[in-house]
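Colleague: Below is one structure. I have some questions about it.
We did not get these values from a lab; they are worked out from the coordinates using the rules stated. Given the structure is predicted, the values throughout are model-derived calculations rather than measurements. Here the Cβ is made from the backbone with ideal geometry for all residues, glycine too, and neighbour counts use every protein chain on show.
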Amino acid sequence: MLKQPDWKLIRIPFLEMDLAHACDLKCRGCTHYSNYGLKGSVPFQEGEVWLRAWATRLMPGTFSFLGGEPLLNSDLLAYLRLAHILWPDSKRILITNGLNCHLRPGLFETLAETGTRLDISVHSHKDQAYLDRFNQALVEIETARLHSSFEVMLRTQEFRFYRTYRGEGPDMRPFEDKNPEASWQACQNSSCCTIHQGALWKCPPLAYLGLAAKKFDLDRQAAWRPYLAYRPVPVTASEDELVNFFMTAAEPACAMCPAKLDYFEQGRITKEEQPALAGV
Ligand code: SF4
Ligand code: SF4
């Protein structure tokens, strides 16, 4: 086992993990780059090892599963049960776009049994195809909630996407405003440390940059190389290294993000800009 007798559990406010990189929406500005048609989920066999190991080191106040779209992971229910066992006293949340609950029979009962809150992100107030599907899904979730009594929260501000890089797709480039401290101060992901590939990453834009880079050959761009070289913290890190990770605010890598936030217009997942619903 990884646990060493002298390792103390470190209490942290937030911890999260993406269960799927794929998503059926394509929200421009997604900080997990899932709008670019990333593929794949984290199999339970793999993710379980990561979570059990990190549970010997960290005690999060709030632990969230998200993605991508976590409901696209066929092992989702096993993950919900595992998080309940590992962190029974933490607030546990499943963050989803809410459109795919029908894919996971037993989801609502498992949310109730494990005391996991279901957070549903609202990603557009304008895209009618999305809203039709979303409203239908909400009715189904509310009907299930009345029956199974699990907690639900609507995240109504999550259509406010901002640019975390310049350009799009193969032309995306880091901001490099030459002020990582200001970028970190402006950042809305600074408390979202995340488990990816078994290690602990500062934030989703750094954790999943490698997936976007693979898709668009970004490693050929010199501008991205310093950020692709970011090294996350392994679960075998010493206590000092781990404390240092959590105590560090701005890092040189924060230079990839904007020093001043530039929001996309409200509801910018319109079909004209970029198809919002891949499957519709
Ligand atoms: S719903 Fe939108 S913001 Fe959320 S993971 Fe999918 S593309 Fe990203
Ligand atoms: S690299 Fe720094 S500024 Fe950018 S999202 Fe991560 S924590 Fe925020």
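Colleague: Under a 5 Å amide H to amide H cut-off, with H placed in plane at 1.01 Å, what residues pair with Ser41 once short-range neighbours are removed?
Modeller: His21
Colleague: A follow-up question, please. Starting from the Cα of Ile85, step 7 Å along the direction of its Cβ; do the same at Leu103; then give the gap between the two resulting points in nm.
Modeller: Once both label points are built, they end up 2.4 nm from each other.
Colleague: Oh, and also: How much length, in nm to one decimal, is gained on full extension between Lys126 and Val49, taken as 0.36 nm per residue of separation minus their Cα-Cα distance?
Modeller: On the way: separation 77, 0.36 × 77 = 27.72 nm, distance 4.11 nm.
Extra length available between Lys126 and Val49 comes to 23.6 nm.
Colleague: How much length is gained on full extension from Lys260 to Arg117, taking 0.36 nm per residue of separation minus their Cα-Cα distance? All intermediate terms of the calculation are to be shown ahead of the outcome.
Modeller: Values: separation 143, 0.36 × 143 = 51.48 nm, distance 3.26 nm.
Gain on stretching Lys260 to Arg117: 48.2 nm.
Colleague: Compute the FRET efficiency between His147 and Thr62 as 1/(1 + (r/R0)^6), taking r as their Cβ-Cβ distance and R0 = 25 Å, and round to the nearest 0.05.
Modeller: 0.45
Colleague: Bin width 5 Å, alpha-carbon pairs only: give the P(r) of the range 10-256 as whole percents, running from 0 to the bin holding the largest distance.
Modeller: Answer for the range 10-256: a P(r) of 1, 6, 13, 18, 19, 17, 13, 8, 4, 1, 0 percent.
Colleague: Report the label-to-label distance for Ser190 and Ser74 in nanometres (one decimal), using points 7 Å from each Cα along the Cα→Cβ vector.
Modeller: Result for the modelled spin labels: 4.2 nm.
Colleague: Using a Cα-Cα cut-off of under 17 Å, which aspartates and glutamates could be cross-linked to Lys178, ignoring same-chain neighbours fewer than 8 residues away?
Modeller: By straight Cα distance, Lys178 reaches Glu251, Asp262.
Colleague: Between Leu9 and Glu140, what's the calculated FRET efficiency when r is the beta-carbon distance and R0 is 41 Å? Round to 0.05.
Modeller: Efficiency computed from Cβ-Cβ geometry: 0.60.
Colleague: So what's the back-of-envelope 222 nm ellipticity for the chain, counting only DSSP H runs of four-plus at -39500 (n - 2.57) apiece and dividing by all residues, rounded to 500? The partial results should precede the final answer.
Modeller: Values: 9 runs with 83 residues, N = 280.
So the calculated ellipticity at 222 nm is -8500 deg cm²/dmol.
Colleague: In Å, what Rg and Dmax follow from the Cα atoms of the range 198-238?
Modeller: In order Rg, Dmax, the Cα atoms of the range 198-238 give 11.2, 35 Å.
Colleague: Mind giving me the FRET efficiency for Glu239 and Lys178? R0 is 41 Å, r the Cβ-Cβ distance, nearest 0.05 is fine.
Modeller: 0.75
Colleague: Same structure again: Percent of Cα-Cα pairs per 5 Å bin, from 0 to the last occupied bin, for the range 1-77, please list those.
Modeller: Histogram of Cα-Cα distances, whole percents per bin: 3, 15, 21, 18, 17, 13, 8, 4, 1, 0.
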